[in-house]
């Protein structure tokens with residue numbers, strides 16, 4: 001366990017890059033693993049979650065290598081097995097804390113006639129998998145899991161998979177993606193209907209690798225159709241900076257007086273920019289500079305300057321576009337003037353931790369008044385500096401750790417965070433990057449971290 005504390009910061013200044021997008025990194029490795037020929041990936045997030053996916057693909061028969069040139073620039077090379085070419089792993093696949101990785105890989109192997117066993121760490125082993133297993137059974141796969149659909153899980157892939165049309169009961173990019181990945185090795189057309197649009201990295205990347213994917217807008221949601229058993233071809237993939245990781249320095253720069261920070265080459269997929277819309281409604285000063293198309297994903301540089309924020313009501317329909325950003329939004333709401341109400345948050349209870357409960361209890365420990373219901377959080381802002389002084393139990397959740405590190409930067413008394421190690425799952429070098437901008441994150445003895 002590595003504890004840290006975050007104290008009041010002077011103005012944050014500088015230009016930085018954040019690690020590659022985690023969602024896109026997982027998918028790039030998987031598509032490369034199913035493609036014919038070589039896929040070269042630059043900007044891959046080298047966090048623990050993505051490295052677990054890389055190791056899993058090696059176990060399934062793909063060649064996955066990290067390469068560095070003479071200047072120290074890195075790229076990842078994947079030589080795929082072709083659709084339908086995965087091999088049965090010889091050992092249990094340990095996914096660590098990679099929830100996205102394990103759910104998508106369950107879809108990938110569900111239509112291969114073989115047995116695959118997945119396990120994970122204590123946090124991942126508490127997270128429900130039934131919502132992914134349910135549609136995959138329709139293809140012909142069977143599962144053996146702990147009570148409640150928990151890891152470890154044995155996947156017995158369908159020997160003769162059949163295409164399905166699946167209507168997702170609750171908007172979930174992970175469930176949608178698992179079904180589409182299962183459809184890759186299934187003859188005929190697989191259809192997913194989602195009640196409202198969720199992040200579409202899978203659809204974009206499938207097209208980029210040569211799959212036939214059509215998307216139709218229907219009744220406020222989307223109908224996605226995949227033509228099965230395509231021949232995917234290896235390609236070059238440039239992973240943009242992670243919009244969810246950028247949220248932490250971005251919100252810190254909004255809150256800390258006098259700050260002016262630029263974040264380079266951030267993915268700004270329109271289905272993931274709900275936090276930017278919300279912060280702007282609260283009064284944030286965020287500029288997009290030079291939106292470009294990095295392959296299939298739009299990117300931009302973001303310039304953020306500090307300004308006073310005001311509380312707002314965040315509409316529940318915005319949740320799919322910012323589900324991972326609510327913890328740091330709650331930190332912003334704590335420093336804002338007035339009340340911020342966030343609803344439609346039930347999904348937060350089944351993340352790496354119960355994030356809704358973790359944010360509510362942590363904010364109370366830092367002197368902030370909140371109300372929590374089963375699917376909502378109301379935060380009564382302090383109008384600037386937060387009392388702070390709380391001791392935060394992260395429960396192995398990287399986003400809880402980083403959100404309270406941000407809160408500490410605008411707190412009167414330092415905020416103590418019990419374990420910073422989970423941060424490496426998504427944002428290696430987070431503490432060093434923030435301290436480089438001017439933050440004051442230290443070890444338990446007061447020594448400067450990073």
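The values are calculated or read from the model by the stated rules, or taken from the named source; none is laboratory data. Because the structure is a prediction, the values reported are computed rather than measured. Methodologically, a virtual Cβ is constructed for each residue, glycine included, from the backbone with ideal geometry; neighbour enumeration extends over all protein chains shown.
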Just wondering, is there one or more residues in the range 430-444 that are farther than 24 Å from residue 16 by Cβ, touching a strand residue (DSSP E or B) at 6+ places or on another chain (Cβ under 6 Å) and surrounded by 23 or more Cβ atoms within 10 Å (Cβ to Cβ)? no
Subset tally (residues that are touching a residue at least 40 places away in the same chain (Cβ under 8 Å) and either in a strand (DSSP E or B) or touching a helix residue (DSSP H, G or I) at 6+ places or on another chain (Cβ under 6 Å) (or both)) for the range 197-215: 8
Counting only residues that are touching a residue at least 40 places away in the same chain (Cβ under 8 Å), give me the strands (runs of 3 or more DSSP E) lying completely in the range 259-355 with at least 2 of them. 260-267, 297-305, 339-343
Does the range 136-145 include one or more residues that are at pLDDT below 95 and surrounded by fewer than 15 Cβ atoms within 10 Å (Cβ to Cβ)? no
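Could you identify the single residue in 353, 376, 411 that is outside the structural domain of residue 123 (by TED's automatic domain parsing) and within 24 Å of residue 21 (Cβ to Cβ)? Walk me through it before giving the result.
On the way: 376 fails: within 24 Å of residue 21 (Cβ to Cβ); 411 fails: within 24 Å of residue 21 (Cβ to Cβ).
Only one candidate passes the filter, namely 353.
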Exactly one of 65, 49 is buried (at least 16 other Cβ atoms within 10 Å of the Cβ), outside the structural domain of residue 422 (by TED's automatic domain parsing) and closer than 20 Å to residue 428 by Cβ, and that residue is 49
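The rows are residues; the columns are (1) farther than 29 Å from residue 73 by Cα; (2) buried (at least 22 other Cβ atoms within 10 Å of the Cβ); (3) touching a strand residue (DSSP E or B) at 6+ places or on another chain (Cβ under 7 Å).
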residue	(1), (2), (3)
204	no, no, yes
207	no, no, yes
210	no, no, yes
214	yes, no, yes
240	no, yes, yes
Residue 293 fails exactly one of (1) surrounded by fewer than 16 Cβ atoms within 10 Å (Cβ to Cβ); (2) within 30 Å of residue 38 (Cβ to Cβ); (3) in the same structural domain as residue 339 (by TED's automatic domain parsing); (4) at pLDDT 95 or above, namely (4)
Please determine whether any residue of the range 23-36 is at pLDDT 95 or above, surrounded by fewer than 21 Cβ atoms within 10 Å (Cβ to Cβ), in a loop (DSSP other than H, G, I, E, B) and assigned by TED's automatic domain parsing to the domain that holds residue 157. no
